[in-house]
Structure formats: structure tokens, C-alpha cells
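For reference, the structure is listed below as C-alpha cells.
The values are calculated or read from the model by the stated rules, or taken from the named source; none is laboratory data. Because the structure is predicted, anything quoted here is derived from the model rather than measured. Here the Cβ is made from the backbone with ideal geometry for all residues, glycine too, and neighbour counts use every protein chain on show. Just so you know, the surface numbers come from the protein's heavy atoms only, side chains and all, with ligands and any DNA or RNA stripped out. Shrake-Rupley method; radii C 1.70, N 1.55, O 1.52, S 1.80 Å.
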Amino acid sequence: MRTVARETLFKIVFSTQFNPIEDDSFKKAIYKAEKLDENDIAYCESVLKSVKEHGEEFSRIIDSRSKLFPESRLFPADRSVLLIALAEIKYHDDIPQTVSVNEAANIASKYSSAKSASFVSGILAEILRESANV
């Protein structure tokens, strides 16, 4: 299970909503504190790379599905969870999409508002439905 790695990844992505990471010392400290192994660190680095490279694309995707709340107005925790899930869904074929959605909802319910899990699940479910119809 990558639950601890995903939560660690969430903390890193969440922190970049306020202060972009300029060096690796912050990430290394979190990896060490969470006792991640090499596989979990490789997973985190891979998803972080996808978030960084495709962040604008993900923002457009979120914006087009979030009618009441533009991406720029989302809770930073919700935005962070959505970015991670989109990176997994779009660019990490080794991760089942349902796992990405379920884990995103769990992290949102733990770190954000009471309604965030439903909101995140709804956005991601719509994205999955659209991609299945393409």
C-alpha cells in the first residue's frame, strides 16, 4: 500500500501551494520523517515530476469540471489532492484509476473539509467517465 507515500506526497504538493520548493532538503526531510523506502521515494518523485510538468494542464482540467469553484479558488488541500490524482490517472498507467480516486477521497477527508471527499471524488469520477467515452 502506498497510503503513507501518498500522504507524504500530499504534504509536499500542499506546501508548494504556498512556497515553491527550490531545493530537495524539504522533500528529503519529509521522506526521512515518514520512513519511506526507495520504492516509495521513487513513486513520490515520479508523481511530483508529473505534477510539475503538467500542472497547467491539470489546472485547466480541474477548472473545466469545477463549475462553482474555479481552480484558483479551491482549498489548497483539495487542489493538491486533485493534482496528485490527475498525475496518477493521466501519466502513471501502473496505478489503477479507481485506486487513485479512492486514495484522493481518503486524503481529502482527512486533511480538508467535511465535503472535500465528495467534491474530489465527483471531479475525478467525471474525468474518468469522459476519458472512458473518448
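Looking at L82, L74, which is the one that is among the hydrophobic types (A, V, I, L, M, F, W, C), in contact (Cβ under 8 Å) with a residue 24 or more places away in the chain and crowded, with 20+ Cβ neighbours inside 10 Å?
Being among the hydrophobic types (A, V, I, L, M, F, W, C), in contact (Cβ under 8 Å) with a residue 24 or more places away in the chain and crowded, with 20+ Cβ neighbours inside 10 Å holds for just one of L82, L74, which is L82.
When both residues are 6+ apart or on different chains and their Cβ atoms are under 8 Å apart, which pairs have a first residue that lies in the stretch 16-30 and is closer than 25 Å to F75 by Cα and in contact (Cβ under 8 Å) with a residue 12 or more places away in the chain, and a second that is open to solvent by less than 70 Å² (accessible area, probe 1.4 Å) and assigned to a loop (DSSP other than H, G, I, E, B)?
Correct list of pairs: K27/I21.
Having 2 or more residues that are of a type in the set (S, T, Y) and within 18 Å of L9 (Cα to Cα) is the bar; report the helices (runs of 4 or more DSSP H) wholly within the stretch 49-134 that clear it.
By residue number, 76-91, 97-111.
Any residue in the stretch 12-25 that is outside any helix (DSSP H, G or I), open to solvent by less than 50 Å² (accessible area, probe 1.4 Å), touching a Ser or Thr at 6+ places or on another chain (Cβ under 8 Å) and of a type outside the set (S, T, Y)?
Of the residues in the stretch 12-25, the ones outside any helix (DSSP H, G or I) are 17-24.
Narrowing the set further to residues that are open to solvent by less than 50 Å² (accessible area, probe 1.4 Å) leaves none.
Checked the stretch 12-25: no residue is outside any helix (DSSP H, G or I), open to solvent by less than 50 Å² (accessible area, probe 1.4 Å), touching a Ser or Thr at 6+ places or on another chain (Cβ under 8 Å) and of a type outside the set (S, T, Y).
Suppose we filter S112, S118 for residues that are among the small types (G, A, S), more than 11 Å from the chain's Cα centre (by Cα) and surrounded by fewer than 20 Cβ atoms within 10 Å (Cβ to Cβ); which single one remains? Quick ask: steps written out before the conclusion?
Details: S112 fails: surrounded by fewer than 20 Cβ atoms within 10 Å (Cβ to Cβ).
Just a single option satisfies the conditions, and that option is S118.
What number goes with the only condition from (1) assigned to a helix (DSSP H, G or I); (2) in contact with a helix residue (DSSP H, G or I) (Cβ under 8 Å, 6 or more places away or on another chain); (3) open to solvent by less than 80 Å² (accessible area, probe 1.4 Å); (4) among the hydrophobic types (A, V, I, L, M, F, W, C) that L36 does not pass?
The failed condition is (1).
Residue under question is E45, and the condition is that it be assigned to a helix (DSSP H, G or I) and within 26 Å of A132 (Cα to Cα); does it hold? I'd like the intermediate steps shown before the answer.
Details: assigned to a helix (DSSP H, G or I): yes; within 26 Å of A132 (Cα to Cα): no.
It is false that E45 is assigned to a helix (DSSP H, G or I) and within 26 Å of A132 (Cα to Cα).
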